[in-house]
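Take a look at the structure set out below.
Bear in mind these aren't lab numbers, they're just calculated from the coordinates by the rules spelled out. Computed from a predicted structure; not experimentally measured. All Cβ positions, even for glycine, are placed from backbone atoms using ideal geometry, and neighbour counts span all protein chains on display.
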Amino acid sequence: MSTTTVARPLTDRIKEVNWSNYVVYIGFAVVFLFFAVTQTQYFLNFTNLTNIVIQAAPISIMAIGLVFVLSTGEIDLSIGSTVALSALTAAVILQNTGQWWLGALAGLAVGAAVGLVNGIFITVVRLPSFLVTLATLGLIAGLARQLTDLQSVPVTDDTFVWIFGGGKLFGVPLIIFWTVAAALVGWHLLRQRRYGAHVLAVGNNTSAARVAGIKADRVKLMVFMGSAMTAALAGLLYAGRLQGARYTLGETDLMTVIAAVIVGGTSLFGGKGTVVGALIGALLMSMINNGLILSGLNVSQQMIVRGIIILIAVSFSLRSKKSV
């Protein structure tokens, strides 16, 4: 057997690979190696690597929720302001009652309410999700500012802080366990349950999904509630880790979350989503921020880099859509 007959099928298989599906993994490896070489003294430090994972935790959790929204062909712009309102609500309830579980439930209830409102306007009133969540973004941000009159609220309950930010289990920060748990639940729902198949079907073709008996409006309502509740959980994690809540929490997270999800391989147009990719995308964004800080870049320069990443990711998403 000649070498050409063996090599040709291999090259054909390589050409057939859709490399856009692996961009996030290739990018993660390239960025890691780049900073490992250029910032050897600090970047590869175990404490620094742990900080990257911890910093990525709230973004990862919100990204998992957004995967489901984008997979249905919708968008949720209100997650950043939901973070702040949920964190502040939990902190206020905790301050007034002294019961950590009441504060946590109140924060999650805020997320559920926001998701329900978004979902109703999108599925019942039939407004575009972009406009609805853009409006609720401003509305919720205003409520967060009004709730405490722009004042920060300290979180001093040791149990709350331990569970949602400062605690460790077997030497591993609990915030990492929260991230892993959210990723496992998200992956199971999207890949192993009928619900995930319905989400992707609605994103592929809503009309065809309805003909097939899928209750598309209910699916969309559930994904918006899920997205808002992951944002609420992220707010609790911020409040626990920072031991306080403020109206500015999460206000810069939207672009980072969207970048993580799109870079991870979820399509902007629906019908395609990956929880694992979103998780790696969130770690990639956190690693880039960390590496840029170690390199001496300021916040504005970091924003420029994130913007470039989003442009590249959207380009791949558009190319993938056109090839279908």
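When the square roots of the Cα gyration tensor eigenvalues are ordered a ≥ b ≥ c, the ratio a/c for the stretch 262-303 is 1.5 or more and a/b does not exceed b/c, which makes its shape oblate. Here is the list for the stretch 176-255: trypsin sites (Lys or Arg not before Pro) lying in DSSP coil, each with at most 16 other C-beta atoms within 10 angstrom of its C-beta, are ARG193, LYS215.
For the chain, what class follows from the C-alpha gyration tensor (a ≥ b ≥ c being the square roots of its eigenvalues): rounded when a/c is under 1.5, otherwise prolate if a/b is larger than b/c, else oblate? Judged from the Cα gyration tensor, the chain comes out oblate (a/c at least 1.5, b/c at or above a/b).
Only counting other Cβ atoms within 10 Å, I'd like TRP187, TRP162, TRP178 sorted with the fewest neighbours first. Mind showing how you got there, number by number?
Working: TRP187 18, TRP162 15, TRP178 22.
Least to most surrounded, the residues fall as TRP162, TRP187, TRP178.
Using θ = phi - 60° in the Karplus curve 6.51 cos²θ - 1.76 cosθ + 1.60, the 3J(HN,Hα) couplings for the stretch 75-89 round to 9, 10, 8, 8, 5, x, 6, 5, 4, 5, 5, 5, 5, 5, 4 Hz; x is entered for Gly and Pro.
The residues VAL172, VAL132, when put in order of fewest to most other Cβ atoms within 10 Å, stand as VAL172, VAL132.
Footprinting exposure proxy ranking of LEU66, LEU49, LEU242, fewest other C-beta atoms within 10 angstrom first, gives LEU49, LEU242, LEU66.
Any idea what log10 I(q)/I(0) is at q = 0.15 Å⁻¹ for the stretch 191-324, Debye with uniform C-alpha scatterers and no solvent? Treating every Cα as an identical point scatterer, log10 I(q)/I(0) equals -0.88.
Using the rule -39500 (n - 2.57) for each DSSP H run of four or more residues, divided by the residues of the chain, the 222 nm mean residue ellipticity is -25000 deg cm²/dmol. Computed over the chain, relative contact order equals 32 percent, with contacts defined as Cα pairs under 8 Å that lie 6+ residues apart.
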